[in-house]
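Undergrad: The structure is given below, and queries will be raised subsequently.
Where a number appears in this text, it was derived from the coordinates with a stated rule and is not lab data. All figures in this text were calculated on a predicted structure; none of them were measured in a lab. Counting neighbours? That spans all protein chains shown, and the Cβs are built from the backbone with ideal geometry, glycine included.
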Amino acid sequence: MYNNSKVAKAIRVAMMFGAGAAAAISAPTFAAEEGVEEVEKIEVTGSRIKRTDMEAASPVSIFSAADIAASGVTSLEGFIKQIPAINGAQLGSNVNNASAGFATASLRGLGSGRTLILINGRRFNSGDLNSIPTSFIERVEVVRDGASTVYGSDAIAGVINFITKKDFEGLEVTAQYDVTGEGDGDTAKFSIVTGASNDKGNVVFSVDYTDREEVTQADRKYSECPLWDDGVGSTTYCGGSSHSEFGRVNLPKGYIINGEAVGSKRPDDSTVGGRYVTIDGAGVPFSTADHGYNYAATSYLVTPVKIFSVNAASTYEISDSITAFAEGGYSNRQSSQQMAPAATFWSAPVPAAHPDNIYGVDVSINRRITEGGGRGFEQDTNDYRVVGGLEGEFDNGWGWDVSYNYSRFVDTRVNTGELNRPNTETLLDPALCAADEDCPGVWNPFAKGTMTPEQSDFSTVTFSPVRKGTTTQFMANLSGDLGELELPGGAIQWAAGYERRTEYYLNEPDGAEALGQVYGQAGIRTEGDYSVEEVYAEFNFPILSGVPFAERLTFTAAVRASDYSNLDDNATNTKFGFEWEPVDGLLTRATFAEGFRAPSITELFDPQEQSALSYTDPCWDYGLSSNETLKANCAADGIPADFDSDSQSNAIVGGNPDLQAEESESLTVGIVYSGIENFSVAFDYFNIKIEQGIGTSGVDNIANACYNSVGFSDELCDDIKGSKFGPLDTPPHPTSPRRNVSEVLSGVLVINDNLSTFETSGIDFDFSYNMDLAGGTFTTTLNGTYLMAYDYTLTAGSETIEAAGMVAADQWEGNPAVFAEWRTNLGFNFATDDYSANVTFRYQSEGDDISATDTTLDTVADSVVYTDIQGTYYINDTYTISAGARNLFDVKPPYMSNYDDSNTVNYSYDLAGQYLYVKATARF
């Protein structure tokens, strides 16, 4: 007799095989006959229609709790970023500068805002993967095509749905300890899950705690000092920032020292000033090699975090046809980042009257404040989520559910070590200091170690901004079939529903910011909200079934209408799909979907403020370039032919309340074969096009387009506003309107905007095979993604940027990432009743530097293969112990010339090296 255990067994087998099997194996479908129980219908992410088969038109990968455990990771961030369909940049433990402790996911490399994160099919406000504990997860379902018609906005690239435990019974206690091969980066994880059931319902409760210690850039040889090319493409040297602890002096145009025009690079031009440091009372030409500041010494490579979470879920059967359900979750994240000490990044003015100014004229200075220690950024974030609802079934078999979801986060931050610009400038001006009774005395910025503790207290500032967000979501869904109105393949199935959602966001600066005392911070309170009402309908038309060349032929359709309170026009989106199984075990499938994404609450209302974004200056050593347009533009800026510069721009980032919605079209075409026992294979082609895509132009893209256009004619040149724009207000370069006195691009406008187009395409593939072997089961899986194209244009008519296989600016995060052509996972597992062992090889192909110049030394981010192993011994039915290694062979991230954060592309590689771990579990 066939019964519900058939479906359960098929799901367990698919989960055991991992993503490849789950994407390729479908549970059998059995019609109800006399004396035979009908298979239970289930809902798989990507559709609200409950079906008896798992394989639908949309490609879905399913990962079980066992898959997560076998990976050896302690967080969902670590697991999700290993999925081959993840590409580009996302926030996480590898990001020290501007991560704010968040962990995000980016399907197809299209950005975390186009990857909808759900918990049990419902939204939660922060979207922070840190807020979801691994111990409470039953499985993860990843929809790898557009799902806006089912879930609304933000699902353009796909959906990651975390399904929590619901029918757990007993008590499970797990403890894990990780440490790197270098003996640092310790991570301790402890979790408890308990549950109970009776004939009326079930309750599950979990507690999870993780404590990850930092690894600093100084702790690894490859990142201990910023490496610079020597300018002729032959070797590197330990360089650093020109914001020097010696105090880099910017001398004015026309200044003469020692009888010569100043500046090590300007001996023949008496009209231009230069960059000097003061050594033993004399001016010495500034040299990056000799005077650059090693900002890696105090910066994190892997950021520390402590996460505590409590979660619960319950169901209660009110009657035979009505069940109440509730979910609740709370997490607290205490995270931090650490960067090099602050500097007078704005090139602080020092008058000629300063007693230590040997130059006799007004100058500006870029001085690193090493006396006060590094800058610290701490977050104490609380994430709340509560869901309540009812579900049931009418007498005619139609299912229904209603629910209300409330989600909120409060992110309280404490930032230390930043400079109070007015006070710092008071310390540098004898007249201002004399007029301020709180001034502790004039400071000498021309030498190291000269700032006193009193001056440090006066010039630095601690500030505590707060960010809050709230989401409410009411949902009502109804599903069923049309009864006797059938097609040759069976009954027409449908689902329909209504949703109302509200979003609220607040950025609250503290008093120091609001008074303009913190350099680079806008200090502007931003607040906003909107609401949306939506209705949707889905249909499943079984055209044929059980006939020659059509074991199954199904057509699907869905439509969703959205009305946003903050947008002028309503939106209606559709999705169509078909599934054709010509013979048993062979399925072909395809979907075409329209997508719609309204600008998120943070994209609209984040404050606009200064950020030091990394970039590659197109004028670096431009005298050696063969590009005559570039040479002419760089010369017009008044910079020397052998120019070198800091690799961090003065950029403006933040929200834009004038954003409009983006629209997309996605196509998937695939084939799944499981006609051979214990073997399955799947291929799926995807193509996604986005119009009016929201993102940032990226400093690299703006700089390259501008400086490679005749006479700075490209319209992206308009996005370089100069040194006086917005909150910057830095001294301008004497001859270039695009640079400040430190010679870096300044006022580069990279706020959120509606860009022109994005288009990406590729192929997902999944293989799995298992066999009985030596008293156990041997399983092998291979799953991956081949990225055929990743193209975007920044403005209508501008040149298309082809990023597939390149290191290029990620338009969501605004920083460079590898858009690898190949990402694959190859796994082998052997399991018996007493033990199991597995090994996984994670491969990522190389990326060529899209911003490379003629003189760039290393222009390739090399391919990598990471090897992960784990062994598990089942001591008895109660106790289990596992041990393993991630990145077993301690593969180092590759060096690239143009990227200064850890000398590599930190978003795209494992940074800390080998991790060893041991884990123990007790089940009662």
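Undergrad: Calculate for the chain the 222 nm mean residue ellipticity that helices alone would give, adding -39,500 (n - 2.57) per DSSP H run of length 4 or more and normalising by residue count, nearest 500 deg cm²/dmol.
TA: Mean residue ellipticity at 222 nm (helix-derived): -2500 deg cm²/dmol.
Undergrad: Less than 12 Å Cβ to Cβ from Gly389, Lys/Arg counted +1 and Asp/Glu -1: what total charge do the surrounding residues give?
TA: -2
Undergrad: Still on this structure: Let me check against my output: what whole-number percent is the relative contact order of the chain, with C-alpha pairs under 8 Å and at least 6 apart?
TA: After rounding, I find 12 percent.
Undergrad: Further, regarding this structure: Which entries in Lys448/Lys724; Lys165/Lys919; Lys50/Lys575; Lys468/Lys689; Lys689/Lys721 show an alpha-carbon gap greater than 23 Å?
TA: Lys448/Lys724; Lys468/Lys689; Lys689/Lys721
Undergrad: Report, ordered by chain and residue number, the aspartates and glutamates lying within cross-link reach of Lys81, taken as a straight Cα distance under 18 Å and ignoring same-chain residues fewer than 8 apart.
TA: Output for Lys81: Asp67, Asp128, Glu141, Asp145, Asp764, Asp766, Asp810, Glu813, Glu821, Glu846, Asp868, Asp910.
Undergrad: Further question on the same structure: Counting alpha carbon pairs within less than 8 Å and at least 6 residues apart, what relative contact order, in whole percent, applies to region 795-862?
TA: Computed over region 795-862, the figure is 30 percent.
Undergrad: Based on other C-beta atoms within 10 Å, arrange Leu630, Leu427 from fewest to most.
TA: Taking fewest neighbouring Cβ atoms as first place, the list is Leu630, Leu427.
Undergrad: Which one, Leu613, Val249, Ser299, is farthest towards the positive end of the dipole of the chain when Lys and Arg carry +1 and Asp and Glu -1 on their Cβ?
TA: My answer, from the dipole projection, is Ser299.
Undergrad: Roughly how big is region 322-381's charge dipole about its Cα centre, with Cβ charges of +1 (Lys, Arg) and -1 (Asp, Glu), in debye to the nearest 20?
TA: It works out to roughly 120 debye.
Undergrad: In whole Å, what is the distance between the alpha-carbon centres of region 766-794 and region 525-563?
TA: Value for the Cα centre distance between the two parts: 28 Å.
Undergrad: What ranking of Phe596, Phe394, Phe828, Phe679 emerges when the number of other C-beta atoms within 10 Å of each C-beta is taken as an exposure proxy, fewest first?
TA: Working: Phe596 22, Phe394 11, Phe828 14, Phe679 17.
Taking fewest neighbouring Cβ atoms as first place, the list is Phe394, Phe828, Phe679, Phe596.
Undergrad: Which of (i) 98, 80, 72; (ii) 113, 66, 60; (iii) 106, 57, 51 is the computed Cα extents along the principal axes in Å for the structure on display?
TA: (iii)
Undergrad: Within region 470-496, list the residues whose amide N lies under 19 Å from a label point set 7 Å along Cα→Cβ of Leu390.
TA: In region 470-496, the label zone of Leu390 (backbone N under 19 Å from the point 7 Å along Cα→Cβ) covers 473-480, 496.
Undergrad: Separate question: Could you list Asp854, Asp211, Asp383 in order of exposure, starting from the residue whose Cβ has the fewest other Cβ atoms within 10 Å?
TA: Fewest-to-most ranking of Asp854, Asp211, Asp383: Asp854, Asp211, Asp383.
Undergrad: So for each of 775-787, 353-365, 237-249 I average, over its residues, the number of other beta carbons within 10 Å; can you give me the resulting order with the highest mean first? Write out the running numbers ahead of the final one.
TA: Details: 775-787: 19.4, 353-365: 16.8, 237-249: 23.5.
Packing order, densest peptide first, comes out as 237-249, 775-787, 353-365.
Undergrad: For Ser845, what is the net charge nearby, where nearby means another residue's Cβ is under 9 Å from its Cβ and Lys, Arg count +1, Asp, Glu -1?
TA: -1
Undergrad: Can you check what the net charge comes to around Ala196, using other residues whose Cβ is under 15 Å from the Cβ of Ala196 (Lys, Arg +1; Asp, Glu -1)?
TA: On the way: positive: Lys165, Lys166, Lys200, Arg923; negative: Asp167, Glu169, Glu172, Asp199, Glu317.
Result for the neighbourhood of Ala196: -1.
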